[in-house]
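Peer 1: My structure is below; once you've seen it, I'll send some questions.
The values are calculated or read from the model by the stated rules, or taken from the named source; none is laboratory data. In this text the structure is predicted, and so the values were computed from the model without any measurement. Cβ placement follows ideal geometry from the backbone for every residue including glycine, while neighbour counts extend to all protein chains displayed.
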Amino acid sequence: MLFPTATFALFFLAVLPVSWLLMPRQRLWFPFIVFASYVFYGWWNWHYVFLLVASTLVNWVLGLAIDRRDDIRARKALLWCAIVFNLGLLGYFKYSGFFLSSTRNSLHDAGLDVALPVVTALLPIGISFYTFMALSYVIDIYRGKLRPTTLPKFAAFLSFFPHLVAGPIVRGSELIPQLDSPRDARRVDATRAFFLIASGLFMKVVIASYLGTEIVDKVFAAPEQYSSVDVLVGIYGYAVQIFADFLGYTNIAIGLALLLGFEFPTNFNAPYAATSVRDFWRRWHMTLSRWLRDYLYIPLGGNRHGRLATYRNLMIVMLLGGLWHGAAWTFVVWGGIHGLGLCVEHGWAEFRAWRGLPDRPDTPAKRMWRRLITFNFVCFGWVFFRADSFSTAADVLKQLFSGIHTPVQAVTLPVLLAIAVGIGAQYVPGRVWDALMALFSRRALVLQGAALAVALLVINVLGPEGVAPFIYFRF
């Protein structure tokens, strides 16, 4: 079920009042919200509801078993059972076909034709997200940072429909305490919720969809037919498209959760205003970045065991982060590009410290230059992320430099305006948005409703017919 559809609107309009009516009666609310979430998930393919149920039961039982054991060996064995189970599910549905085909191709190149099984399992939507959420729950219990909760609460945590299919990745310590007592409808920040939903719809339906159809899909489908300017704007267009698409989803998800009484963590913080690759990952898909840091980078040793170990850990984390996004070598290369960028930045900082060089003064010109370099570095990585093969990525990069004399075809004023809006909005200070929301919240409810209706009408007029699935649904 897609958020920007009439079907979901009807679904949410039915769920919202019933949820608040049942909220004081928690024994009824938990089964209801879990059932509603399963309906939401099963609308796509009801068979995979059983996979979500299995993940819920197994992880809840293992978390409970870990908490009840005092012996460290038994606790560690149970933890490894949880890790193997979760990564096994993810590996089978998401990566088995990829690794088998890669192995088959490698053997063929070596002159060995070996018949390997063919896996045709359809990738369950959201499996990467709820698997990471389940893992964080079990690992936090093992670390003593979280106590096991009841099965109804855990089922609601893992399946809660606003975050179920594309995040943000909410940890047990962030959501489960909110499930411990009924939410207070008087504390719901409806103004912020409606602003997030409306802005999310605008970014997805208008900005992301328009850039995808008008330039990005065309350039990446046949780069040799376009000029260098078309290709460059197409790459910048994809940077804005994927940002607007994913920000749109998470804004809608956070807004829906707010209307239901729950707070989700922020997932984006103006990533294209970043002044370094490290800063970019503090701002982009923040819940995934923190997950990789806390459950992979730090357990690997972080930066505690010397320079080479730090570089190794950074590369491992980013390569696996790339693979998490998709079962293709292009995603691995994308992760490797960012890993290399992080290593270079880390090495340069160490070199300056070793030479005893003072920190350079932070000036507006310096920040602008660093932002420009970082943005173009990120866009270079996006080429591999978007391309369906290495040959397509190579063709795009080749045409970027060789299509100088080809006439410009796809660059139009609306395309440039959409890119400018997608990037420029990230340079608006947060206090400005807060002031606008505060001003909006002081208006009469009738005016607020009218403004929201006008915004939805504009989005509907400017948006294309039909709505493409969110990009991160396939991750």
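Peer 1: Report whether or not Ser209 is at pLDDT below 95, under 23 Å from Thr412 (Cβ atoms), of a type in the set (S, T, N, Q) and in a helix (DSSP H, G or I). Quick ask: steps written out before the conclusion?
Peer 2: Details: at pLDDT below 95: yes; under 23 Å from Thr412 (Cβ atoms): yes; of a type in the set (S, T, N, Q): yes; in a helix (DSSP H, G or I): yes.
Here the answer is yes, as Ser209 does meet what is asked.
Peer 1: Counting only residues that are of a type outside the set (A, V, I, L, M, F, W, C) and either outside any helix (DSSP H, G or I) or farther than 18 Å from Val240 by Cβ (or both), how many does the stretch 360-383 have?
Peer 2: So the count comes out to 8.
The rows are residues; the columns are (1) at pLDDT 95 or above; (2) surrounded by fewer than 16 Cβ atoms within 10 Å (Cβ to Cβ); (3) under 25 Å from Val421 (Cα atoms).
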| position | (1), (2), (3) |
| --- | --- |
| Ala274 | yes, no, yes |
| Val277 | yes, no, yes |
| Arg283 | yes, no, yes |
| Pro299 | no, yes, no |
| Gly306 | no, yes, no |
| Arg355 | no, yes, no |
| Asn376 | yes, yes, yes |
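Peer 1: Kindly indicate which of Thr191, Thr149 is modelled with pLDDT under 90, of a type outside the set (A, V, I, L, M) and either more than 18 Å from the chain's Cα centre (by Cα) or not in a helix (DSSP H, G or I) (or both). Can you show your working first?
Peer 2: Working: Thr149 fails: modelled with pLDDT under 90.
The conditions single out Thr191.
Rundown of residues vs (1) of a type in the set (A, V, I, L, M); (2) exposed (fewer than 13 other Cβ atoms within 10 Å of the Cβ), yes/no style:
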residue: Leu319; (1), (2): yes, no
residue: Trp324; (1), (2): no, no
residue: Cys343; (1), (2): no, no
residue: Thr363; (1), (2): no, yes
residue: Arg371; (1), (2): no, no
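Peer 1: Here's another thing I want to ask about it. Which one of these is in contact with a helix residue (DSSP H, G or I) (Cβ under 6 Å, 6 or more places away or on another chain) and assigned by TED's automatic domain parsing to the domain that holds Ala273: Val421, Val396?
Peer 2: Details: Val421 fails: in contact with a helix residue (DSSP H, G or I) (Cβ under 6 Å, 6 or more places away or on another chain).
Every option except Val396 fails the conditions.
Yes/no matrix, rows are residues, columns are (1) over 31 Å from the mean Cα position of the chain (by Cα); (2) surrounded by 14 or more Cβ atoms within 10 Å (Cβ to Cβ); (3) at pLDDT below 90:
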site	(1), (2), (3)
Asp71	yes, no, no
Cys81	no, yes, no
Val84	no, no, no
Lys94	no, yes, yes
Thr103	no, no, yes
Gly111	yes, no, yes
Ala115	yes, no, yes
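Peer 1: Further question: For Leu357, only one of the following conditions fails: (1) farther than 17 Å from Tyr238 by Cβ; (2) assigned to a helix (DSSP H, G or I). What is its number?
Peer 2: Checking Leu357 against (1) farther than 17 Å from Tyr238 by Cβ; (2) assigned to a helix (DSSP H, G or I), the one that fails is (2).
Peer 1: What pairs come up if the first residue lies in the stretch 65-93 and is within 17 Å of Gly126 (Cβ to Cβ), the second is in a helix (DSSP H, G or I) and hydroxyl-bearing (Ser, Thr, Tyr), and their beta carbons are under 8 Å apart, counting only those six or more places apart or on different chains?
Peer 2: Asn86/Ser55; Asn86/Thr131; Leu87/Thr131; Leu89/Ser55; Leu89/Thr131; Leu90/Ser128; Leu90/Thr131
To keep it simple, each residue is scored yes or no on (1) assigned by TED's automatic domain parsing to the domain that holds Ile215; (2) in contact (Cβ under 8 Å) with a residue 60 or more places away in the chain; (3) buried (at least 18 other Cβ atoms within 10 Å of the Cβ).
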{"site": "Ala239", "(1), (2), (3)": "yes, yes, yes"}
{"site": "Ala244", "(1), (2), (3)": "yes, yes, yes"}
{"site": "Leu247", "(1), (2), (3)": "yes, no, yes"}
{"site": "Ile254", "(1), (2), (3)": "yes, yes, yes"}
{"site": "Phe262", "(1), (2), (3)": "yes, yes, yes"}
{"site": "Asn267", "(1), (2), (3)": "yes, yes, yes"}
{"site": "Pro271", "(1), (2), (3)": "yes, yes, yes"}
{"site": "Ala309", "(1), (2), (3)": "yes, no, no"}
{"site": "Met315", "(1), (2), (3)": "yes, no, no"}
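Peer 1: Okay, moving on. Looking for something assigned to a loop (DSSP other than H, G, I, E, B), in contact with a Gly (Cβ under 6 Å, 6 or more places away or on another chain) and outside the structural domain of Ser441 (by TED's automatic domain parsing) - is there at least one such residue anywhere in the stretch 212-228? Step through it out loud before you land on a result.
Peer 2: Within the stretch 212-228, the first condition is being assigned to a loop (DSSP other than H, G, I, E, B), and the residues that meet it are 222, 226-227.
Filter once more, keeping what is in contact with a Gly (Cβ under 6 Å, 6 or more places away or on another chain): 227.
Subsequent filtering for residues that are outside the structural domain of Ser441 (by TED's automatic domain parsing) retains none.
No, there is no match, as no residue in the stretch 212-228 is assigned to a loop (DSSP other than H, G, I, E, B), in contact with a Gly (Cβ under 6 Å, 6 or more places away or on another chain) and outside the structural domain of Ser441 (by TED's automatic domain parsing).
Peer 1: For the condition of a type outside the set (Asp, Glu), in the same structural domain as Ser181 (by TED's automatic domain parsing), assigned to a helix (DSSP H, G or I) and surrounded by 19 or more Cβ atoms within 10 Å (Cβ to Cβ), what is the one hit in Val34, Val61, Val39, Val18? Walk me through how you get there before you give the answer.
Peer 2: On the way: Val61 fails: surrounded by 19 or more Cβ atoms within 10 Å (Cβ to Cβ); Val39 fails: surrounded by 19 or more Cβ atoms within 10 Å (Cβ to Cβ); Val18 fails: surrounded by 19 or more Cβ atoms within 10 Å (Cβ to Cβ).
It is Val34.
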